[in-house]
Amino acid sequence: MVGRRKPVKKTYTTSIAVAEGVLDAACEMGVSESAVINFALRDWLMKYRKEQYEAERRTEQLTTA
């Protein structure tokens, strides 16, 4: 992203089902809800970046072939 970034949003709204799922996972794992959310976001971001990298590689391969 070029230019100034938006400030990090530290609160989120979600559905009751998602909130209950996060709470259940946190209780089962013995960690805070924020730890579950941080883990899930980190996992999602890593997958997103991997998909971006793979798409860029495919584009490079097509343009060099």
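The values are calculated or read from the model by the stated rules, or taken from the named source; none is laboratory data. Given the structure is predicted, the values throughout are model-derived calculations rather than measurements. All Cβ positions, glycine included, derive from the backbone under ideal geometry; neighbour counts span all protein chains shown. When the accessible area is computed, the model is the full protein with side chains, heavy atoms only, and any ligands, DNA or RNA have been set aside. Shrake-Rupley method; radii C 1.70, N 1.55, O 1.52, S 1.80 Å.
For helix 16-29, report the angle its Cα long axis makes with the longest principal axis of the Cα atoms of the chain; keep it between 0 and 90° and round to the nearest 10°. For helix 16-29, the angle is close to 80 degrees. Expressed as a whole percent, the accessible area of the chain that falls on carbon and sulfur atoms is 58 (1.4 Å probe). For the stretch 17-65, the fraction of alpha-carbon pairs lying more than 18 Å apart is 51 percent, rounded to a whole number. Working from label points 7 Å from Cα in the Cα-to-Cβ sense, the LYS47 to ALA26 distance is 2.2 nm.
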